[in-house]
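The values are calculated or read from the model by the stated rules, or taken from the named source; none is laboratory data. A quick note: this is a predicted structure, and the numbers were derived from the prediction, not measured. FYI the Cβ positions are ideal-geometry reconstructions off the backbone, even for glycines, and counts take in every protein chain you see.
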Amino acid sequence: MEYNPQEIEKKWQNYWSENSSFEPSEDTKKDKKYILSMFPYPSGRIHMGHVRNYCLGDAFARYFRKANYNVLHPIGWDSFGMPAENAAIKHKLHPKKWTYENIDYMRDELKALGLSFSENQEFATSDELYTKWEQEFIIKMYEEGLLYRKSTTVNWCEPCHTVLANEQVEEGCCWRCDTPVEQKEMPGYYVAITKYAQELLDDLKTLEGSWPSQVLTMQENWIGRSEGLEFNLELCKDSRFKLDKQFSSFEVFTTRPDTIYGVSYSALAPEHPIVKYIVENKLLPDNKIKAIKAMQKVSERDRATQDKQGVSLEIDVIHPLTGELIPVWVANFVLASYGGGAVMAVPAHDQRDFEFAKQYDLPIKQVIVGPDGIIENPKEAYTLEGELINSESFSGLKNNKAKKAIIYHFEQNSIGKKQINYKLRDWGVSRQRYWGAPIPFVHCDDCGLVPEKVENLPISLPEDVEITGKGNPLDTHESWKKCSCPKCGKEATRETDTLDTFVQSSWYFLRYATNHKKWQKEGISKKDSDYWMDVDQYIGGIEHAILHLLYARFFTKVLNDLGYTNSREPFKQLLTQGMVLKDGAKMSKSKGNVVDPDSIVEQYGADTARLFILFAAPPTKELEWNDSAVDGAFKFIKKFVQRSSHVTKQAAENFSSIEHSSLNKVEKEARRKVYEALKRANDVFTKTYTFNTLIAGAMEALNALQSQENELIWAEGYYILTNILEPIIPHTCWELSDKLFDKKNFNNKIEVKEEVFALDSVVLAVTINGKKRCEIEISPDAQKDEILLEAKKIAQKWIENKEIIKEIVVPNKLVNLVVKG
């Protein structure tokens, strides 16, 4: 039989589509498997990262289908976002037209790979029905205090007239027009993810062993729980007057209360209300005001990479324990979003504070000593454990005990309290752009901010817009903006901000978990969700380890609390695949090192692309593209097809009659290799995920089959190998299975026959004084005396005329004879 990939791949893709082969059953009594790969953005063409991601998911789905599970394996499109607007500007195309044309093209590309997606469950996040149900629970979140509106500082590009996400700011400039970005205060919508911070942290424990440990650590660090002391630093009398009595104190939080006697200055973030008041009222010399304004224009992310910068605010606060005056500065390393935007600075015991103090010649006072005692002229902060000095009644305490003692002292004297803080911030979801889900609120002069009535949803985007890149076209679309207040009926204005696309990708798995017919009428079906959730196997890039996965976990908990689902965590098992590289770099158009999957499929066929991508490296590791290895994958499939001619029709019908005990050594070895491959395949899909070892096992089995001529063993071998390779090279295996076995080997899981692993003999190494000299072949049931007798016979020339002083037998491995003389 000759291998013609183009012919058989088209044949079976049509068969699967015509027979709805990959649609999940509505029989909820069957055991289920929900297999999901992170869905793509419809950029126009798939790349090798897509191929790897979806071939991994497809392999799981196909394996569990053959094991008689009810499998949900869907695909959709993360279709809102900035790239569509950029394309609209560049190509003069409406974002919707550009998006849905790309979806059509990419769907065909994915189909050409033979991916076993459910066609009925497919959707795009820009579909109005998806927006409708999303807007409904956004309103419920608002009513429950989980979504709110406030003013905050954002990255603003004046020429583009839009807010920019941090990742859209490159070296302080807009990624699109290269204009310096300003920090501007604007109203926006925020999701109260911090209300779930502790639960998100605690529930990471339930994912241990199921998620990669590095992902759990990254999430834990991102949430950033810290315990410490919260207290107010009181402004001295002169400073209060300088600030026109508008401020009497400010709040600070520290995780190091044990160092409080080492405070030598305090520092505020450039966005702190006191700093803003000083700038607005010009309470400092012009040069200082100018320097502070320059700091305020830089985003927090960019400040983190800058050298330490600061300006003295010429005001002082009073140390809460010593009564000393402490100068107050504004510093670029202080974050407005953490601990109130103010720090008590202890340069002797914090490296960041130390560097700032050195730069501006501020005092450094050591209050903790280690084994080396007081350090004169330190070159860095001392951050290790130690004993308190210069700390009044707390001197002499170990610093860990001192933390608790000082917090207790603050609480007893009502000047501070123990506090738990998180680095995690509430999530700003407003975007000033057109191609996104409209936020379902109305602004009324009388009623304020009012949610739209649920029966009026979805709030859809107007299609008669022109995307220019200058501001949000919804702002200037008067007929769309004008509406009636849902509360009082008076004329009102529709909200023109749209939602961050991370919102859509944070609950899409619940859309798939609802039957497409029910979805039309009720949105998320709790009954369906109870059956399909949680996702059994989730696959995606490690780059999504923090934000996407954290938001998905958060939304699952919120939608549970709102009554949509009984699930609290979305993904049982997580597989994070490595990047695909070429010439040592990640594939990208800008580097000119992209390999077009379409050309691989056209030249070699989809099965070759699939085999290469799963064989070249374990899925969690980076994969280096190799043209010769692609050719090698093609040659293996070709050989696999050609060798199938050894399987006769009669043997295919009768191989179950094989008597293992009557086989010769070579035949037994071939059979053992086949079943080893089967055993390995089961482990790969349920434990190890190392698809490269599965494929290697199948290659070894095929080589072993070629070493013998028993037609029954050839038939049994192909019965098993086409089954275990079907998730990898499905078109080829369906073609062979159809011709040889009427696809009977795809109906149920094939059981491993342990009889094939029973060995007639074992080979033991014989070592003399630890050095291997020869081998013996002997029955695996042989007793120690029998083994030693045979070993001495074979090793006679190395032990002749020598005294054996020790005899060691390691079962099934070796015999070691220790001799003297």
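Could you please let me know if D361 is out of contact with any strand residue (DSSP E or B) (no Cβ under 6 Å at 6 or more places or on another chain) and outside the structural domain of Q168 (by TED's automatic domain parsing)? Here the answer is yes, as D361 does meet what is asked. Regarding the stretch 763-771, can at least one residue be identified that is part of a loop (DSSP other than H, G, I, E, B) and at positive phi? Yes, the stretch 763-771 contains a residue that is part of a loop (DSSP other than H, G, I, E, B) and at positive phi.
For the subset of the stretch 283-301 comprising residues that are aliphatic (A, V, I, L, M) and modelled with pLDDT of 90 or more, which member is nearest to the chain's Cα centre (by Cα)?
Taking the stretch 283-301 first, the residues aliphatic (A, V, I, L, M) are 283-284, 289, 291-292, 294-295, 298.
Okay, now just the ones that are also modelled with pLDDT of 90 or more, so 283-284, 289, 291-292, 294-295.
Numbers: L283: 48, L284: 47, I289: 43, A291: 40, I292: 38, A294: 36, M295: 33 Å.
Per the criteria, the residue is M295.
Checking each residue in the stretch 361-374 for being buried (at least 18 other Cβ atoms within 10 Å of the Cβ) and in a loop (DSSP other than H, G, I, E, B) picks out L362, I364, Q366, V367. Filtered by the rule that a residue be outside any helix (DSSP H, G or I) and over 27 Å from E751 (Cβ atoms), the stretch 619-672 gives T620, K621, E622, L623, E624, W625, N626. Considering the stretch 167-215, and only residues there that are in a strand (DSSP E or B) and among the hydroxyl-bearing types (S, T, Y), the residue that is surrounded by the most Cβ atoms within 10 Å (Cβ to Cβ) turns out to be Y189.
Considering only the stretch 673-686, I want to know if a residue exists there that is without any contact (Cβ under 8 Å) to a residue 12 or more places away in the chain, surrounded by fewer than 21 Cβ atoms within 10 Å (Cβ to Cβ) and either touching a helix residue (DSSP H, G or I) at 6+ places or on another chain (Cβ under 8 Å) or among the small types (G, A, S) (or both). No: the stretch 673-686 contains no residue that is without any contact (Cβ under 8 Å) to a residue 12 or more places away in the chain, surrounded by fewer than 21 Cβ atoms within 10 Å (Cβ to Cβ) and either touching a helix residue (DSSP H, G or I) at 6+ places or on another chain (Cβ under 8 Å) or among the small types (G, A, S) (or both).
Quick one: count up the residues across the stretch 108-145 that are within 30 Å of G605 (Cα to Cα) and either without any contact (Cβ under 8 Å) to a residue 24 or more places away in the chain or of a type in the set (F, W, Y) (or both). Steps first, answer last, please.
Residues of the stretch 108-145 that are within 30 Å of G605 (Cα to Cα), as a first pass: 108-124.
Then drop every residue that is not either without any contact (Cβ under 8 Å) to a residue 24 or more places away in the chain or of a type in the set (F, W, Y) (or both), which leaves 108, 117, 123.
Of the residues in that region, 3 qualify.
If you go through the stretch 88-103 one residue at a time, do you hit one that is acidic (D, E), out of contact with any Lys or Arg (no Cβ under 9 Å at 6 or more places or on another chain) and either part of a helix (DSSP H, G or I) or within 16 Å of I613 (Cβ to Cβ) (or both)? Taking every residue of the stretch 88-103 in turn, at least one turns out to be acidic (D, E), out of contact with any Lys or Arg (no Cβ under 9 Å at 6 or more places or on another chain) and either part of a helix (DSSP H, G or I) or within 16 Å of I613 (Cβ to Cβ) (or both). Mind counting the residues in the stretch 223-246 that are surrounded by fewer than 16 Cβ atoms within 10 Å (Cβ to Cβ), within 45 Å of the chain's Cα centre (by Cα) and outside any strand (DSSP E or B)? Adding up the residues that qualify gives 1.
Would you call I720 out of contact with any Ser or Thr (no Cβ under 7 Å at 6 or more places or on another chain), buried (at least 24 other Cβ atoms within 10 Å of the Cβ), within 20 Å of F636 (Cβ to Cβ) and not hydroxyl-bearing (S, T, Y)? Give the derivation first.
Details: out of contact with any Ser or Thr (no Cβ under 7 Å at 6 or more places or on another chain): yes; buried (at least 24 other Cβ atoms within 10 Å of the Cβ): no; within 20 Å of F636 (Cβ to Cβ): yes; not hydroxyl-bearing (S, T, Y): yes.
Judged against the criteria, I720 is not a match.
Every listed requirement among (1) surrounded by 13 or more Cβ atoms within 10 Å (Cβ to Cβ); (2) within 28 Å of D738 (Cα to Cα); (3) at pLDDT below 95 is met by S657 save one, (1). Scoring I289 on the criteria (1) in contact (Cβ under 8 Å) with a residue 60 or more places away in the chain; (2) touching a helix residue (DSSP H, G or I) at 6+ places or on another chain (Cβ under 7 Å) leaves a single failure, condition (1).
Is it true that S151 is in the same structural domain as I89 (by TED's automatic domain parsing), of a type in the set (S, T, N, Q) and in contact with a strand residue (DSSP E or B) (Cβ under 9 Å, 6 or more places away or on another chain)?
Numbers: in the same structural domain as I89 (by TED's automatic domain parsing): no; of a type in the set (S, T, N, Q): yes; in contact with a strand residue (DSSP E or B) (Cβ under 9 Å, 6 or more places away or on another chain): yes.
Here the answer is no, as S151 does not meet what is asked.
When A61 is tested against (1) crowded, with 24+ Cβ neighbours inside 10 Å; (2) outside any helix (DSSP H, G or I), exactly one condition is not met: (2). Tallying residues that are charged (D, E, K, R) and either modelled with pLDDT under 95 or under 14 Å from the mean Cα position of the chain (by Cα) (or both) within the stretch 549-575 yields 2. The single condition from (1) surrounded by fewer than 13 Cβ atoms within 10 Å (Cβ to Cβ); (2) in contact (Cβ under 8 Å) with a residue 12 or more places away in the chain that S37 fails is (1). Taking each residue of the stretch 566-582 that is more than 24 Å from F685 (Cα to Cα) and looking for partners that are aliphatic (A, V, I, L, M) and assigned to a loop (DSSP other than H, G, I, E, B) with beta-carbon atoms closer than 7 Å, six or more apart or interchain, yields S567/M533; L581/M587; K582/V595. All conditions but one from (1) exposed (fewer than 13 other Cβ atoms within 10 Å of the Cβ); (2) more than 25 Å from E667 (Cα to Cα); (3) outside the structural domain of S656 (by TED's automatic domain parsing) apply to E790; the one that does not is (1).
Per the conditions (1) crowded, with 19+ Cβ neighbours inside 10 Å; (2) over 30 Å from I720 (Cα atoms); (3) touching a residue at least 12 places away in the same chain (Cβ under 8 Å), the sole criterion not satisfied by A87 is (3).
When residues in the stretch 498-548 are screened for being more than 22 Å from the chain's Cα centre (by Cα), modelled with pLDDT of 95 or more and closer than 29 Å to L474 by Cβ, 4 of them pass.
Among (1) modelled with pLDDT of 95 or more; (2) within 42 Å of the chain's Cα centre (by Cα), which single condition is P378 missing? Of (1) modelled with pLDDT of 95 or more; (2) within 42 Å of the chain's Cα centre (by Cα), only one is false for P378: (1). Of all residues in the stretch 298-327, those satisfying the criterion of being in a loop (DSSP other than H, G, I, E, B), more than 14 Å from A269 (Cβ to Cβ) and charged (D, E, K, R) are D307, E324.
Does M106 fit the bill of being in contact with a helix residue (DSSP H, G or I) (Cβ under 7 Å, 6 or more places away or on another chain), on the phi < 0 side of the Ramachandran plot and either in the same structural domain as L581 (by TED's automatic domain parsing) or crowded, with 21+ Cβ neighbours inside 10 Å (or both)? Before the answer, list the steps.
Details: in contact with a helix residue (DSSP H, G or I) (Cβ under 7 Å, 6 or more places away or on another chain): no; on the phi < 0 side of the Ramachandran plot: yes; either in the same structural domain as L581 (by TED's automatic domain parsing) or crowded, with 21+ Cβ neighbours inside 10 Å (or both): yes.
Answer is no for this residue.
For F333, state whether it is buried (at least 16 other Cβ atoms within 10 Å of the Cβ), touching a Phe, Trp or Tyr at 6+ places or on another chain (Cβ under 9 Å) and assigned to a helix (DSSP H, G or I). It is false that F333 is buried (at least 16 other Cβ atoms within 10 Å of the Cβ), touching a Phe, Trp or Tyr at 6+ places or on another chain (Cβ under 9 Å) and assigned to a helix (DSSP H, G or I). Answer yes or no: is there a residue in the stretch 343-360 that is among the basic types (K, R) and in a loop (DSSP other than H, G, I, E, B). The answer is no, given that none of the residues of the stretch 343-360 is among the basic types (K, R) and in a loop (DSSP other than H, G, I, E, B).
State yes or no: is K29 out of contact with any Phe, Trp or Tyr (no Cβ under 6 Å at 6 or more places or on another chain) and among the basic types (K, R)? Spelling it out, K29 is indeed out of contact with any Phe, Trp or Tyr (no Cβ under 6 Å at 6 or more places or on another chain) and among the basic types (K, R).
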